[in-house]
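Data block below; observations after.
Taken together, the values in this text are just the output of simple stated rules run on the coordinates, not laboratory data. Bear in mind that the values here come from a model prediction, so they are computed numbers and not experimental data. All Cβ positions, even for glycine, are placed from backbone atoms using ideal geometry, and neighbour counts span all protein chains on display.
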């Protein structure tokens with residue numbers, strides 16, 4: 001790799017003549033001084049630790065995505081996938097069994113009332129119009145069949161209304177509770193930037209804490225207590241490192257140089273299109289001397 005960098009830089013600046021004293025630092029200093037330019041403190045190329053623009057990941061082809069999915073299902077997650085399929089299959093079989101058991105009853109009712117047994121609404125309407133269902137109760141209560149039918153219909157409607165109201169109340173409560181958790185999560189991000197409520201609520205332990213009345217920040221801390229301290233230390237280290245890089249790029253001195261005197265601040269030149277002839281000669285001299293410079 002080191003030889004490659006040296007070759008690359010030599011190719012980039014091969015157009016500049018060296019002359020008889022091309023590798024002599026004294027000749028360069030003389031020319032620089034004549035032009036009033038001191039290149040000794042200039043840093044060329046991309047500096048170590050400088051931030052670079054992250055590459056956007058390309059979306060994997062469909063075949064590759066299927067291959068990765070298959071690898072997961074047949075690899076570390078095979079037991080979970082098999083358990084999920086088994087549970088879904090069991091639920092489907094139970095539903096089929098119940099429907100199979102009800103089928104003869106629906107068929108008999110359809111034959112009795114002369115309606116299609118697969119038409120549940122038509123069967124229900126026929127049953128409601130069948131006075132034989134209410135005659136015995138009307139006789140016991142000393143009232144008419146019509147009165148009993150009206151009373152039973154009213155009971156069903158009230159039961160349906162109560163069920164609908166209960167479902168709506170549960171939905172409203174759920175919306176209010178989730179809205180409160182969202183607000184808590186937004187505030188908690190000041191302490192835990194990586195907190196994602198949608199992701200965390202997939203964790204049964206996290207949901208259990210929330211349902212017990214624990215706030216989002218506390219629940220997150222409990223679940224991720226073993227990760228939070230190392231992450232905080234790493235974040236602090238990155239902040240300090242970035243401040244040092246910014247200081248150097250702005251022309252400031254490194255902490256180890258604070259006590260030095262009579263030295264000029266370093267200037268970084270990393271854009272090839274902005275290099276002068278003097279810059280290219282200085283770069284060639286440094287590369288020939290063994291320094292690694294990359295753009």
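Brief remarks follow.
- Chain lengthening between residue 131 and residue 242 when straightened (0.36 nm per residue, less Cα-Cα): 31.5 nm
- Computed FRET value (nearest 0.05) for residue 179 with residue 225, which takes r as the C-beta separation and R₀ as 30 Å: 0.65
- Given R0 = 30 Å, the distance between the Cβ atoms of residue 98 and residue 169 translates into a calculated FRET efficiency of 0.55.
- Inter-site label distance for residue 268 and residue 78 at 7 Å from Cα along Cβ, in nm: 5.0
- Net length gained if the chain between residue 186 and residue 214 were fully extended (0.36 nm per residue, minus Cα distance): 8.5 nm
- At full extension, residue 71 and residue 152 could sit 23.4 nm farther apart than now, given 0.36 nm per residue minus the alpha carbon distance.
- FRET efficiency for the residue 294 to residue 38 pair, using the beta carbon distance and R₀ = 30 Å, is estimated at 0.80.
- Taking the average, over residues, of other Cβ atoms within 10 Å as the packing measure, peptides 179-189, 162-172 rank 179-189, 162-172 from highest down.
- For region 62-129, average projected area of the Cα convex hull in nm²: 7.3
- Peptide ranges 91-100, 271-280 listed from the most packed, as the mean C-beta count within 10 angstrom indicates: 271-280, 91-100
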